[in-house]
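First comes the structure, then the notes that go with it.
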Amino acid sequence: MADSRKLHLGAFMRPVSIHTGAWRYPGAYPDANFNFGHLKRFARRLEEAKFDAFFMADHLAVLNMPVEALKRSHTVTSFEPFTLLSALAAVTEKIGLIATASTTFDEPFHIARRFASLDHLSGGRAGWNIVTTANPDAALNFGYESQMDHDARYVRAREFYDVVTGLWDSFADDAFLRDVESGIFFDPDKLHVLDHKGPSLSVRGPLNIARPVQGWPVIVQAGASEPGRQLAAETAEVIFGAESTLAAGQRFYADVKGRMKRIGRNPDHLKILPAAFVVVGETVEEARAKRAHLDSLVHYDSGIHSLNGMLGYDVSGFDPDGPLPEIPETNASKSARERIIEAARSKNLTIRQLAEKAGSYSGLAFVGTPATIADEMAEWLHGEGSDGFNMMFPYLPEGLDDFVDKVVPELQRRGLFRTEYEGETLRDHLGLPRPENRFFAERAEAAE
Ligand SMILES: Cc1cc2nc3c(=O)[nH]c(=O)nc-3n(C[C@H](O)[C@H](O)[C@H](O)COP(=O)(O)O)c2cc1C
């Protein structure tokens, strides 16, 4: 039987491209991080291409690397996501708007309000990328002397999710009567006071915002460690994966969807979208040459410190042309560290080669023609490696325009991607159900 499923596509904007060399690429907009005109153009082009979402990554400190490397990076600074996405909501109509927000350094009441506001402002297009914040320097910006332990961050994240979703359910969807005649603005029987008191959080509620258009903004997650996967299986509706081969993608997909089945969740209610870097050429050789040129724009001082960041361990004192030493367990992001160590061991790479890889982009990459890229994307979709991708453009605007003008039409021609939006909200684009209000749905059942 033919597989009629379609790809879901997000655009990863951190802040513009993830690649350290991107701002030096010919034709790039080096000031795009703070140039709203450019960001508006990117969002509109993505909407023209019928992307599911514009995804804004976020960090709560400048990247933790020495100034020698930092001074070369355009990712050192970016807009605060809610401010940017609120502005983009006003100049777009359909595309989903996903903001990253941290459960370690924020408060659930703040997060619930901001996302509810963005969802109302955008007519139901908001999504929350839940992160636990891996960068240890963030702690120093919030009054702490050190980073909370990895597993403890995830324990807090799970409780945080319950509180935020509970706050979104403060008012029933039909709570606001606005009855001019009687003078009753809302029905107090349709207001729930959360009164949450848990191990990490204490929040009375209710939220002082009407229930979001989507019920709850779409829940997105990107953690890939054991507790990250479990949190995703229990809560996520979209995962930004980081698997770099189809086989690894298939293992991840089967693992997380299997966990969902075990806890009674419908696996179709989660879309797994691995991050995919994409370089388009007229020929495969041209695409490879573009990528090689881009990679050559990353200085060794940047590469070595990206590598240290991924490892959570400083290897700059070791021989650059020697092998990677034993790397001890650290409190940094586990999945990134394991991936790079695996690459080092399986391909016998030297520290210099690893630095080049880390500084450029070491994850899944589609480098080829529109046809070869569409082939690879279809293989992932049909092979249950993913439900789509979170696209990373190598340089802007050209990399984004190439994808929109050349690859999207090829995907559409093959029936792999929508030609029109079929609904209004981000949940509609992703084929996700609108969650029931946990307090008022229960009451309706109890009354039967
Ligand atoms: C595509 C993608 C986007 C991410 N965006 C962010 C981000 O914007 N901010 C952040 O703090 N972490 C971000 N992360 C990191 C994850 O939240 C997570 O910390 C990391 O994948 C390691 O997972 P682990 O903490 O479960 O080991 C992202 C990860 C991926 C794969």
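Please work out which residue is nearest to the ligand (Cβ to nearest atom), limiting yourself to the stretch 31-45 and to residues that are under 26 Å from Asn141 (Cβ atoms) and surrounded by fewer than 21 Cβ atoms within 10 Å (Cβ to Cβ). The qualifying residue nearest to the ligand (Cβ to nearest atom) is Asn33. Within the stretch 284-300, restricting attention to residues that are touching a helix residue (DSSP H, G or I) at 6+ places or on another chain (Cβ under 9 Å) and not aliphatic (A, V, I, L, M), the residue that is surrounded by the fewest Cβ atoms within 10 Å (Cβ to Cβ) is Tyr300.
Applying a threshold of 9 Å to beta carbon distances and a minimum spacing of six or more residues, or different chains, the list of pairs starting in the stretch 179-197 at a residue that is of a type in the set (Phe, Trp, Tyr) and ending at one that is surrounded by 10 or more Cβ atoms within 10 Å (Cβ to Cβ) reads Phe185/Phe176; Phe185/Leu177; Phe185/Asp179; Phe186/Phe171; Phe186/Ala175; Phe186/Phe176; Phe186/Leu177; Phe186/Ala210.
Within the stretch 260-298, the only residue that satisfies the criterion of being farther than 22 Å from Phe389 by Cβ and in contact with a Lys or Arg (Cβ under 7 Å, 6 or more places away or on another chain) is Leu297. Looking only at residues in the stretch 64-96 that are open to solvent by less than 50 Å² (accessible area, probe 1.4 Å) and in contact with a Gly (Cβ under 7 Å, 6 or more places away or on another chain), which one is modelled with the highest pLDDT? In this case the residue turns out to be Gly96.
The single residue among Lys271, Lys197, Lys290 that is within 25 Å of Met13 (Cβ to Cβ), over 25 Å from the mean Cα position of the chain (by Cα) and of a type in the set (D, E, K, R) turns out to be Lys290. Does Glu107 meet the test of being open to solvent by 10 Å² or more (accessible area, probe 1.4 Å) and either on the phi > 0 side of the Ramachandran plot or away from the ligand (no atom under 16 Å from the Cβ) (or both)? Answer is yes for this residue.
Check whether at least one residue in the stretch 333-346 is closer than 22 Å to Ser17 by Cβ, open to solvent by less than 20 Å² (accessible area, probe 1.4 Å) and either free of Cβ contacts under 8 Å to residues at least 12 places away in the same chain or over 22 Å from the mean Cα position of the chain (by Cα) (or both), and report yes or no. Yes, the stretch 333-346 contains at least one residue that is closer than 22 Å to Ser17 by Cβ, open to solvent by less than 20 Å² (accessible area, probe 1.4 Å) and either free of Cβ contacts under 8 Å to residues at least 12 places away in the same chain or over 22 Å from the mean Cα position of the chain (by Cα) (or both).
Residues in the stretch 238-255 that are more than 10 Å from the ligand (Cβ to nearest atom) and open to solvent by 20 Å² or more (accessible area, probe 1.4 Å): Ser244, Thr245, Leu246, Ala247, Ala248, Gln250, Arg251, Ala254, Asp255. Any residue in the stretch 11-22 that is within 20 Å of Ala355 (Cβ to Cβ), more than 13 Å from the ligand (Cβ to nearest atom) and open to solvent by 50 Å² or more (accessible area, probe 1.4 Å)? Within the stretch 11-22, none of the residues are within 20 Å of Ala355 (Cβ to Cβ), more than 13 Å from the ligand (Cβ to nearest atom) and open to solvent by 50 Å² or more (accessible area, probe 1.4 Å).
When you look at Ser146, is it more than 11 Å from the ligand (Cβ to nearest atom), among the polar types (S, T, N, Q) and either farther than 25 Å from Ala53 by Cα or touching a Gly at 6+ places or on another chain (Cβ under 8 Å) (or both), yes or no? In short, yes.
Only residues that are open to solvent by less than 30 Å² (accessible area, probe 1.4 Å) and of a type outside the set (Val, Ile, Thr) were counted in the stretch 371-382, giving 5. Taking the stretch 177-205 as the range and being closer than 24 Å to Gly123 by Cβ and buried (at least 17 other Cβ atoms within 10 Å of the Cβ) as the test, only Lys190 passes.
In the stretch 218-233, is there at least one residue being away from the ligand (no atom under 13 Å from the Cβ), open to solvent by 50 Å² or more (accessible area, probe 1.4 Å) and at negative phi? No, because not a single residue in the stretch 218-233 is away from the ligand (no atom under 13 Å from the Cβ), open to solvent by 50 Å² or more (accessible area, probe 1.4 Å) and at negative phi. Test each condition in (1) more than 13 Å from the ligand (Cβ to nearest atom); (2) open to solvent by 10 Å² or more (accessible area, probe 1.4 Å); (3) among the aliphatic types (A, V, I, L, M) for Leu167 and report the one that comes out false. Exception for Leu167: condition (2). For the stretch 417-440, the criterion of being small (Gly, Ala, Ser), within 22 Å of the chain's Cα centre (by Cα) and open to solvent by 30 Å² or more (accessible area, probe 1.4 Å) is met by at least one residue. Just one of the numbered conditions (1) in contact with a strand residue (DSSP E or B) (Cβ under 7 Å, 6 or more places away or on another chain); (2) surrounded by fewer than 22 Cβ atoms within 10 Å (Cβ to Cβ) is not true of His120: (1). Against the list (1) farther than 30 Å from Arg434 by Cα; (2) part of a loop (DSSP other than H, G, I, E, B); (3) at pLDDT 95 or above, the condition Ser316 fails is (3).
On the stretch given as the stretch 46-60, residues that are in a helix (DSSP H, G or I) and open to solvent by 40 Å² or more (accessible area, probe 1.4 Å) total 1.
The values are calculated or read from the model by the stated rules, or taken from the named source; none is laboratory data. Just so you know, these numbers come straight off a predicted model, no measurement behind them. Neighbour counts run over all protein chains shown; Cβ positions are idealised from the backbone, glycine included. Accessible surface is based on the protein model in full, side chains and every heavy atom, while ligands, DNA and RNA are left aside. Shrake-Rupley method; radii C 1.70, N 1.55, O 1.52, S 1.80 Å.
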